[in-house]
Amino acid sequence: MIIHHPLLGPRDAQEFTYLGDASLIDRPDWQAEHAVDRFHDYLYLRDNPAGEHRELWFHEVGDRSWLVVTRNTLTHEITSVELARDVARSRGRSK
Amino acid sequence: MSESNGCAMRYSGFRVIKEALTGHRGWGPAWRDPEPQPSYDYVIIGGGGHGLATAYYLARHFGKKRIAVLEKGWIGGGNVGRNTTIIRSNYLLDGNEPFYEYSLKLWEGLEQELNYNAMVSQRGILNLYHNDAQRDAFVRRGNAMILSGADAELLSVEQIRARYPFLDFANARFPIRGGLAQHRGGTVRHDAVAWGYARGADSHGVDIIQNCEVTGFRIENGVCKGVETSRGYIGAGKVASCVAGSSSRVMALAGMRLPIESHVLQAFVSEGLKPLLPGVITFGAGHFYCSQSDKGGLVFGGDIDGYNSYAQRGNLPTVEDVCESGMALIPALGRARLLRMWGGVMDMSMDGSPIIDRTHVDGLYFNGGWCYGGFKATPASGMAYAHLLATDTPHETATAYRFDRFRRGLMIDEKGMGAQPNLH
């Protein structure tokens, strides 16, 4: 698989390590009322869809940036790649 | 079920000779192809090894009637037809080892139980170690196995050399220092496991319904009443999902999210060779396992590709990695040509261990999360799931395989990797 890095262009997927579902960006608030339940769901439960999947890849042997890759789990086709930083900021995180 | 369809036929050496002399005209189908009934007491979703074994034990050992196995495609077309056929019970943790040892004991009696030649071959499995720390870990593992009634023996380099003289003992980076052997481990003809259980279940009245995809659950007031399928609605007293890599997709139809990611695992087989590998052997410095099939092909595999996938095919970097590991262990492997390679979809759980449990929906049960170790578990998984379905209590060897272990901090994490499915 080739991942089109937003800054570096096409890179072999071997340069990356895989974390999983991009929902891992949305870490729950530890002070929330049902924080234990939320952390359980956050840590352990996954949608695991067959089809389009947004997921986190880390450019470990490259520029060490985190990417959100949209990839089809049935075909392995990658349709979009964003910097995870931009995705997180657009959701109001880490301003 | 009528005699004329041949389903009740008993196989024997005498029968083989008789058929050989009479033009093989007496063989019938090994199981029926029934139309689905409007309702059953037990509906098992998934006609793989685990689903068929569940149906068999439910009918044979728990005396239950009105059982159906629903299969989207053809039985045995998923992971039971795609694995590397290894059986073993060399686990470490309390939650796992008694279960896998029970499974190995069931394998040992399987062919007599089913009257079916599943080619159970206890040729032994050998896990190599390459340094002192690994040796200590293997000694501990061996002791844990023995405590659970399994067999384990630590072998010296000389003992290994006598049986496997062609290994790269003096590998500059990963010299072989010894190994942990389980002599009762081995291989089984994987397709025959599905067919044997199917035939056994059918002969005890189980309806095996192929080309019947479950498209939804009918859940009323928190109780599962039945399943919607591509062949119409089927009512059920209890519904039992057993669909391996498709677990998340099926359980999503019941509104559940699972502690599972689906990943692709590749397997490989070389051209047929003369007898070379007498047993199953695994490399301790990388992820590589290899055995030789009775047809002569070297059957081997390694790591999962590492990203979510339902594609049943992987990518080349993993092929290269597996073959490099193989070459580091068995240099002669480089002279063999790769004949076939394929991928299967693994239901990788958050701690690398399976789940056999009830769900929050009454009458809906779940069996899955087998990662890439489900084949060896087939008999015990079927027995434990049947036990759960019949009695609503877990089998004594499967009490740890609960959904709530993640919430309660009771993970069964053999590799100590944490909640990261692609590392198990």
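Take the conditions (1) within 26 Å of B:Y56 (Cα to Cα); (2) in a helix (DSSP H, G or I); (3) polar (S, T, N, Q); B:Q159 misses just one of them, which is (1). Take the conditions (1) touching a helix residue (DSSP H, G or I) at 6+ places or on another chain (Cβ under 7 Å); (2) open to solvent by 40 Å² or more (accessible area, probe 1.4 Å); B:E261 misses just one of them, which is (2). Of the set (1) over 30 Å from B:V361 (Cβ atoms); (2) open to solvent by 70 Å² or more (accessible area, probe 1.4 Å); (3) in contact (Cβ under 8 Å) with a residue 40 or more places away in the chain, all apply to B:L180 but (2).
From the list B:G200, B:G222, B:G205, the lone residue that is closer than 17 Å to B:G51 by Cα and surrounded by fewer than 19 Cβ atoms within 10 Å (Cβ to Cβ) is B:G205. Out of the range B:130-156, which residues are under 16 Å from B:L92 (Cα atoms) and in a strand (DSSP E or B)? Listed by number, the residues that qualify are B:E153, B:L154.
Report the residue count in the range B:241-251 for those that are facing chain A (nearest Cβ under 9 Å) and open to solvent by less than 10 Å² (accessible area, probe 1.4 Å). Residues that pass the stated criteria total 2.
Let's see how each residue does on (1) in the same structural domain as B:K64 (by TED's automatic domain parsing); (2) under 21 Å from the mean Cα position of the chain (by Cα); (3) closer than 26 Å to B:L128 by Cβ; (4) at pLDDT below 95:
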{"position": "B:A328", "(1), (2), (3), (4)": "no, no, yes, no"}
{"position": "B:P331", "(1), (2), (3), (4)": "no, no, yes, no"}
{"position": "B:L389", "(1), (2), (3), (4)": "yes, yes, no, no"}
{"position": "B:F403", "(1), (2), (3), (4)": "yes, yes, no, no"}
{"position": "B:R407", "(1), (2), (3), (4)": "yes, no, no, no"}
{"position": "B:L410", "(1), (2), (3), (4)": "yes, no, no, no"}
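B:G369 satisfies every condition listed in (1) in the same structural domain as B:G77 (by TED's automatic domain parsing); (2) touching a Lys or Arg at 6+ places or on another chain (Cβ under 9 Å); (3) in contact (Cβ under 8 Å) with a residue 40 or more places away in the chain except (2). Counting only residues that are surrounded by fewer than 16 Cβ atoms within 10 Å (Cβ to Cβ) and under 14 Å from B:P165 (Cα atoms), the range B:319-335 holds 2 of them.
Condition first: open to solvent by 30 Å² or more (accessible area, probe 1.4 Å), basic (K, R) and closer than 19 Å to B:T187 by Cβ. Can you find one or more residues in the range B:86-97 that meet it? The answer is yes; a qualifying residue exists.
Here is the figure for the range B:387-405: residues that are out of contact with any Asp or Glu (no Cβ under 6 Å at 6 or more places or on another chain) and either within 14 Å of B:Y102 (Cβ to Cβ) or charged (D, E, K, R) (or both) total 12.
Residue count for the range A:1-37, restricted to those that are within 12 Å of chain B (Cβ to nearest Cβ) and of a type in the set (D, E, K, R): 4. Among the residues here, B:D305 does not qualify as of a type in the set (D, E) and within 23 Å of B:T187 (Cα to Cα). In the range B:292-304, the residue that is nearest to A:A13 (Cα to Cα) out of those that are under 19 Å from the mean Cα position of the chain (by Cα) and open to solvent by less than 30 Å² (accessible area, probe 1.4 Å) is B:I304.
Here B:E414 clears all of (1) without any contact (Cβ under 8 Å) to a residue 40 or more places away in the chain; (2) part of a loop (DSSP other than H, G, I, E, B); (3) of a type outside the set (V, I, T) except the condition numbered (1).
Every listed requirement among (1) without any contact (Cβ under 8 Å) to a residue 60 or more places away in the chain; (2) surrounded by 18 or more Cβ atoms within 10 Å (Cβ to Cβ); (3) in the same structural domain as B:F366 (by TED's automatic domain parsing) is met by B:A254 save one, (1). Does B:F99 count as at negative phi, at pLDDT 95 or above and part of a helix (DSSP H, G or I)? So B:F99 fits the description; yes. Taking the conditions exactly as written (within 14 Å of another protein chain (Cβ to nearest Cβ) and either open to solvent by less than 30 Å² (accessible area, probe 1.4 Å) or at positive phi (or both)), does B:H424 satisfy them or not? Yes: the conditions hold for B:H424. Screening the range B:135-172 for residues that are charged (D, E, K, R) and touching a residue at least 12 places away in the same chain (Cβ under 8 Å) and picking the one that is most open to solvent (accessible area, probe 1.4 Å) gives B:R140. I'd like to know if the range B:354-366 contains one or more residues that are under 27 Å from B:Q122 (Cα atoms) and open to solvent by 10 Å² or more (accessible area, probe 1.4 Å). So far as the range B:354-366 goes, no, none of its residues is under 27 Å from B:Q122 (Cα atoms) and open to solvent by 10 Å² or more (accessible area, probe 1.4 Å). Selection of the range B:264-322 for residues being touching a Lys or Arg at 6+ places or on another chain (Cβ under 6 Å) and either in a strand (DSSP E or B) or outside the structural domain of B:Y129 (by TED's automatic domain parsing) (or both) yields B:V269, B:E271, B:G272. Against the conditions (1) over 30 Å from B:G124 (Cα atoms); (2) open to solvent by less than 30 Å² (accessible area, probe 1.4 Å), B:S270 satisfies every one except (1).
The values are calculated or read from the model by the stated rules, or taken from the named source; none is laboratory data. Just so we're clear, the structure is a prediction, and the values are computed from it rather than from any experiment. Cβ coordinates were reconstructed from backbone atoms using ideal geometry, including for glycine residues, and neighbour counts include every protein chain displayed. Protein only, heavy atoms only, side chains kept; ligands, DNA and RNA dropped before computing areas. Shrake-Rupley method; radii C 1.70, N 1.55, O 1.52, S 1.80 Å.
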